[in-house]
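As structure tokens, the structure follows; a few thoughts come after it.
The values are calculated or read from the model by the stated rules, or taken from the named source; none is laboratory data. Quantities reported herein were computed from a predicted structural model and do not represent experimental measurements. As a convention, Cβ positions derive from the backbone with ideal geometry for all residues, glycine included, and neighbour counts pool all protein chains shown. Quick note on the areas: whole protein, heavy atoms, side chains included, nothing else; ligands and nucleic acids left out. Shrake-Rupley method; radii C 1.70, N 1.55, O 1.52, S 1.80 Å.
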Amino acid sequence: MNKLYVVGIGPGGGESMTLQARQILESCDTIVGYTVYVELLKSQFPDKEWLTTPMRRETERCRIAFENAQRGRKVAMVCSGDAGVYGMAGLMLELSPGYPDCEVEVVAGVTAALSGAAALGAPLMHDFAVISLSDLLTPWETIERRLRCAAVADMAICLYNPASRKRADYLQRACDILLETLEPERTCGLAARLGRKGESCEVLTLAQLRERPVDMFTTVFIGNSQTKTVGGKLVTPRGYPI
């Protein structure tokens, strides 16, 4: 049986990669991934064969990984953050019946919700929702419904893919939906370029968040009704007696 790994490399260039993920990449012959993520890793594993595809060619990328594994190569598909959170693990497993001689193993990584939360403090100590604002694969109407449901349920919310050049106003639109239920003073946070040059964090209100320009390398946090700032850090109380 040919082995194929789907590896989450964490934020940035691999400094926050798990020990298991690093050991697997060191043992592999071929590493496949999105061009941007591969460039972040190449210097750490210079003796590997690297295969890439650009954005919007994910299925092709997965088939390249399977085809190389079928040739007896030990292959890893790498993803930023965690492979099972908006990564390639699901697609790889969906395609796996077409390659019955390949076994897929998913290797967990540190997703941006966790690395961003740690940088900001502890905003996800209670129930929370993770929602992507990208409508490339999900209709905007569905995204709107999920935002409203999370707000009504008083869950802390983590937003992925908050904006891009073609979607410059999507975070503003999301904030307008949340403001239907939440107060403008709701405590929020931004974590940008985690693990990369220019990493930054900011605590602000929902009203301020609506006006803040962001990009695809930013993760957005909206607190629940109990979220507060303690020493400049975001904290969503779990409910422990103090």
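Add +1 for every Lys or Arg and -1 for every Asp or Glu among the other residues with Cβ under 12 Å from the Cβ of LEU93, and state the total.
Residues close to LEU93 contribute a combined charge of -3.
How much net charge surrounds LEU234 when only other residues with a Cβ under 15 Å from its Cβ are counted (Lys, Arg +1; Asp, Glu -1)?
Overall, the nearby charge balance is +2.
Could you grab the Rg to Rh ratio for the chain? Cα atoms only, Kirkwood for Rh.
Rg/Rh for the chain comes to 1.01.
Farthest toward the dipole's positive end in the chain, which of LEU95, ILE24, GLY198, given Cβ charges of +1 (Lys, Arg) and -1 (Asp, Glu) about the Cα centre?
GLY198
Pop out the carbon and sulfur fraction of the accessible area of the chain as a percent, whole number, probe 1.4 Å.
Carbon and sulfur: 51 percent of the exposed surface of the chain.
Along the Cα-to-C-beta direction of ARG196, a point sits 7 Å from the Cα; which residues of the stretch 92-116 have their amide N less than 15 Å from that point?
Counting only backbone N, you get 112-113, 116.
What accessible area per residue comes out for the stretch 145-242, rounded to a whole number of Å², with a 1.4 Å probe?
Averaged over the residues of the stretch 145-242, the accessible area is 54 Å².
Enumerate the amide H contacts of ALA122 below 5 Å, restricted to partners 5 or more residues apart or on another chain; note that Pro and chain-start residues carry no placed amide H.
Hits under the 5 Å cutoff: LEU234, VAL235, THR236.
Between the stretch 62-139 and the stretch 28-54, what's the alpha-carbon centroid distance in Å?
If we compute the Cα centre of each part, the gap is 16 Å.
Cα axis of helix 140-152 to longest principal axis of the chain: angle in degrees, 0 to 90, nearest 10?
Taking the Cα atoms of the chain, the angle to 140-152 is about 50 degrees.
Around ILE157, under 15 Å between beta carbons, what's the net of Lys plus Arg minus Asp minus Glu among the other residues?
0
What dipole magnitude, in Debye to the nearest 20, does the chain give about its Cα centre under +1 on Lys/Arg Cβ and -1 on Asp/Glu Cβ?
Computed charge dipole of the chain: roughly 320 debye.
Skip the ligands, DNA and RNA, and give the accessible area per residue of the stretch 6-138 with a 1.4 Å probe, whole Å².
45 Å²
If a paramagnetic tag sat 7 Å from the Cα of GLU15 along the Cα-Cβ line, which residues of the stretch 223-242 would have the backbone N under 18 Å from that point?
none
With charges only on Cβ, +1 for K and R and -1 for D and E, what is the dipole size of the stretch 78-216 about its Cα centre, in debye, rounded to 20?
So the dipole magnitude of the stretch 78-216 works out to roughly 480 debye.
If you average 1/r over all unlike Cα pairs in the stretch 115-187 and invert the result, what Kirkwood radius do you get in angstrom?
12.9 Å
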